[in-house]
Amino acid sequence: QVQLVESGGGLVQPGGSLRLSCVVSGGIFSGFTMGWYRQAPGNTRELAAQITNVGSINYADFAKDRFTIFRDYAKNTVYLQMNSLKPEDTAVYYCRIENYRRANGSGIWGQGTQVTVSS
């Protein structure tokens, strides 16, 4: 019964910052590779950043130099620090366990948190 719960989204002005959190329960967090994804209206879901179970990090081009992914093992939480936000960053942001699936074959996703960048 692994669960992911995102929080931290909201409304910010262009150039502002936001820190998203994803709390993982019901699994061995240290063994999970975690990803942050985003999905804007009318678009497909796209990977923003990934941090593996051994600490390797990958970013999408749009996230490089602006977003930082990190994890706190004591809190079973993965974060996405988002700086210099742009209107095109507006989307629902989801976290996902990258290296496992549920028994029925579905992916392991949180419920999402809305980020809106607007003046």
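The values are calculated or read from the model by the stated rules, or taken from the named source; none is laboratory data. These numbers come from a predicted model, not from an experiment. Using ideal geometry, Cβ is built from the backbone for each residue, glycine included, and neighbour counts are taken over all protein chains shown. Quick note on the areas: whole protein, heavy atoms, side chains included, nothing else; ligands and nucleic acids left out. Shrake-Rupley method; radii C 1.70, N 1.55, O 1.52, S 1.80 Å.
Once the principal axes of the Cα atoms of the range 29-93 are found, what is the range along each, listed largest first in whole angstroms?
34, 22, 19
Considering only protein heavy atoms, what per residue accessible area in square angstrom results for the chain with a 1.4 angstrom probe?
Per-residue value: 51 Å².
In the neighborhood of F67, defined by Cβ-to-Cβ distances under 12 Å, what is the net charge if each Lys or Arg adds +1 and each Asp or Glu adds -1?
Taking every Cβ under 12 Å from that of F67, the sum is +2.
Which distance in Å, rounded to a whole number, links the C-alpha centroids of the range 40-61 and the range 85-99?
8
Along its three principal axes, how long is the chain when you only count alpha carbons? Whole Å, largest extent first please.
42, 27, 22
Rounded to the nearest percent, how much of the accessible area of the chain (1.4 Å probe, protein heavy atoms only) is carbon and sulfur?
Carbon plus sulfur share of accessible area: 48 percent.
Give the relative contact order (percent, whole number) for the chain; include only Cα pairs under 8 Å separated by 6+ residues.
The value is 36 percent.
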